[in-house]
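This report refers to the structure that appears directly beneath it.
The values are calculated or read from the model by the stated rules, or taken from the named source; none is laboratory data. Remember, predicted model here, so these are calculated numbers, not experimental data. All Cβ positions, glycine included, derive from the backbone under ideal geometry; neighbour counts span all protein chains shown. Side chains included, ligands, DNA and RNA excluded: accessible areas come from the protein's heavy atoms. Shrake-Rupley method; radii C 1.70, N 1.55, O 1.52, S 1.80 Å.
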Amino acid sequence: MLDALDKQIIIALSEELPITTEPFKEISNQLNIPLETLLHRLGQLQAFGYLKRISPILNHYKTKYIHNAMTAWIVPQHQLAVTLQVMQSNMNISHIYERVTYEDWPYNVFGMIHGTSEAEVREIIDEISHKAAIQDFVVLYTEKQWKKTSPCITTLID
């Protein structure tokens with residue numbers, strides 16, 4: 001069960017982390033607790049499944065990577081490991097999912113590809129197709145970015 005300090009830590013982590021060499025030190029100072037206590041609590045939150053990971057989120061629309069496409073692939077089970085390895089090794093792919101298939105939608109692997117141009121995105125798709133020997137896919141280009149919002153963290157942990 002989460003106590004008041006755990007909730008304060010989760011709320012602090014859900015806000016923008018300070019850009020510094022010691023972000024956890026700044027959070028521990030903000031919460032008025034020793035750094036060792038914060039790190040211990042983070043370990044406990046992870047061990048109990050409350051915290052999956054702490055990682056940066058890049059707003060790629062503020063970079064030169066403004067062309068995006070969700071690719072959906074039909075990958076036979078015997079080629080799945082190789083295909084996923086090829087996709088995971090490409091730094092321009094931010095999301096990879098395996099999904100169940102349906103009679104009218106046979107695609108089981110999805111990857112979100114980002115590039116500086118539509119041509120670059122197409123090159124990445126062609127490279128994946130060639131390296132993984134997968135020819136059955138569709139490309140769904142992003143037409144409009146809708147506002148992304150996060151849930152209010154305080155209502156989730158109360």
Problem set entry | Semi-axis lengths (Å, descending) of the ellipsoid that matches the C-alpha gyration tensor of the chain | 38, 19, 15
Problem set entry | Kirkwood Rh in Å, taken over all unlike Cα pairs in the stretch 23-75 | 14.5 Å
For this session: Would you work out which of 45, 29, 68 lies farthest towards the positive end of the dipole of the stretch 26-104, given +1 charges on the beta-carbon of Lys and Arg and -1 on that of Asp and Glu, about the Cα centre?
Result: 29
Seminar exercise, completed: In whole percent, the fraction of accessible protein surface over the chain that belongs to carbon or sulfur atoms, probe radius 1.4 Å, stands at 54 percent
Exercise. Looking at the stretch 10-62, which trypsin sites (Lys or Arg not before Pro) are in a loop (DSSP not H, G, I, E or B) and have at most 14 other Cβ atoms within 10 Å?
Worked result: 52, 53
Problem set entry | Extension reserve of the residue 139-residue 88 stretch, reckoned as 0.36 nm per residue once the Cα distance is removed | 16.6 nm
Exercise. So, with +1 on the Cβ of K and R and -1 on the Cβ of D and E, and no other charges, what is the size of the charge dipole of the chain about its Cα centre, to the nearest 20 debye?
Worked result: 220 debye
Exercise. Considering only DSSP beta bridges whose two residues both sit in the stretch 1-137, what percent are antiparallel, to the nearest 5?
Worked result: 100 percent
Exercise. What GluC sites (Glu not before Pro) does the stretch 1-104 have in DSSP loop regions with at most 15 other beta carbons within 10 Å?
Worked result: 15, 16, 103
For this session: If a/c stays under 1.5 just call it rounded; otherwise compare a/b with b/c (prolate if a/b is bigger, oblate if not). Do that for the stretch 1-51, with a ≥ b ≥ c from the square roots of the Cα gyration tensor eigenvalues.
Result: prolate
For this session: Considering only lysines 8 or more places apart in sequence, or on different chains, count the pairs in the chain whose C-alpha atoms sit under 16 Å apart.
Result: 4
